[in-house]
Amino acid sequence: MKTSQHVFSLPVEGGACFCIYRRPENGPLAGTVLHLPAFGDEMNKSRAMTARAARALASRGFGVLHVDLIGCGDSSGDHADASVGAWVDNAQRALDWLAREARAAATPWLWCLRAGALLVPPLLQGPARDAPLLLWQPVLSGAQQLNNLVRQKLAGALGAGGHTDAKSLRQRWIGGETQEIGGYAISPRLARELDEAAFDIPAGYRGRVEWFEVSSTAAPAISPAARNRIAGFRSIGIDINAVALRGPGFWQSAEIEQCEALIEATSASLTIERRHGSLRDPVEL
């Protein structure tokens, strides 16, 4: 199926978000998808992969909206002024755009890569409360994400011959100091909001969840932490399908990587019916 691409700026509080909307050229939409990107350099390393996946979904009849959140990528604003709260507002504006411009007949899928999953809980408190979720290697804890940033900062300081520790770094945020980590300015507000954020799905949620993890091991498996969370969600009746695939960690690799198995499995999962609550054994595709 032929697809088309529309590039535009979405007005949001504090500026505008750079957006790319891909859809089939002709015919009604099978559904719509909003991509919630990874954080920082993980987002940049994943761009080729997520663009390829968006084109694949568009060729299957979906309208897919990519958004650079405020202060990130090609959107307006500085990363130092970014916040989780602002990003949630950006995502809600993007959902409003899909409802208005794409004339979405159903609630869009929320396609979350890594820390994009941390934006889900507040979105599920609004009109998108039962939005189906497509999760790629979701970050379950914002505190864990922040700890990774702290370790990155400590490693950089050690490599430069400096000396600091995690407690000192956190004290600087508490004291109101913005710190640069991996080329991104992390404000005290963003650090605090990341520390408090966590992926969750509320009881009573009636949507559907497709959860994918990728591993380079010979026998890929859903991580223990994810398995525990999935079991907890399923125990309260949430419909989750979890699949582990063999492939490269494209969001963190030194070179730009692709994972065709993930794109193929994702495209299939959005277009097939399945029984409620299935949790497939890890498979290699």
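What is the fewest-to-most order of Trp211, Trp97 by other Cβ atoms lying within 10 Å of their Cβ? It would help to have the intermediate numbers written out before the result.
On the way: Trp211 24, Trp97 20.
Result, fewest neighbours first: Trp97, Trp211.
Taking a Cβ cut-off of under 10 Å around Gly63, the surrounding Lys, Arg, Asp and Glu residues balance to a net charge of +2, with basic ones at +1 and acidic ones at -1.
Compute the separation of the alpha-carbon centres of the range 54-89 and the range 206-223 and state it in Å as a whole number. Centre-to-centre (Cα) distance: 23 Å.
A Förster distance of 45 Å, applied to the separation of the beta-carbon atoms of Asn147 and Ala51, puts the FRET efficiency at 0.95. The distance between label points at Glu13 and Ala203 comes to 3.1 nm (points 7 Å beyond Cα on the Cα→Cβ vector). Over all distinct Cα-Cα pairs of the range 118-274, the Kirkwood formula returns a hydrodynamic radius of 17.9 Å. When you filter the trypsin sites (Lys or Arg not before Pro) in the range 93-149 for DSSP loop state and at most 12 other Cβ atoms inside 10 Å of their Cβ, you are left with Arg103. Placing +1 on the Cβ of every Lys and Arg and -1 on the Cβ of every Asp and Glu, with nothing else charged, gives the chain a dipole about its Cα centre of roughly 600 debye. Applying 1/(1 + (r/R0)^6) with R0 = 25 Å to the Cβ-Cβ distance of Ser76 and Thr271 gives a FRET efficiency near 0.10. Within 13 Å, Cβ to Cβ, of Leu118, how many net charges do the neighbouring residues add up to if Lys/Arg are +1 and Asp/Glu are -1? In short, -4.
Take every DSSP beta bridge with both residues inside the chain and express the antiparallel ones as a percent of the total, to the nearest 5. Could you put the intermediate results ahead of the total?
Values: 18 of 43 bridges.
Antiparallel bridges make up about 40 percent of those DSSP assigns within the chain.
Between Gln258, Ile272, Ala143, the Cα set farthest toward the positive side of the dipole of the chain (charges on each charged residue's Cβ, about the Cα centre) is that of Ile272.
Charge tally around Arg93: other residues with Cβ under 15 Å, Lys/Arg +1 each, Asp/Glu -1 each, net -4. Excluding same-chain neighbours fewer than eight residues apart, the lysines reachable from Lys167 by a Cα-Cα span under 28 Å are Lys153. If the chain linking Ser4 and Ala254 were pulled fully straight, counting 0.36 nm for each residue of separation and taking away their Cα-Cα distance, it would gain 86.9 nm.
Note on Arg192 and Asp165: their simple-model spin labels are 2.5 nm apart, each label 7 Å out from Cα toward Cβ.
Only Cα pairs under 8 Å and at least 6 apart count here; give the relative contact order of the chain as a rounded whole percent. Computed over the chain, the figure is 17 percent.
Laboratory data are not the source of any read-out in this text; all were calculated from the coordinates shown. What you are looking at is a predicted structure, and each value in this text was computed from that prediction instead of being measured. All Cβ positions, glycine included, derive from the backbone under ideal geometry; neighbour counts span all protein chains shown.
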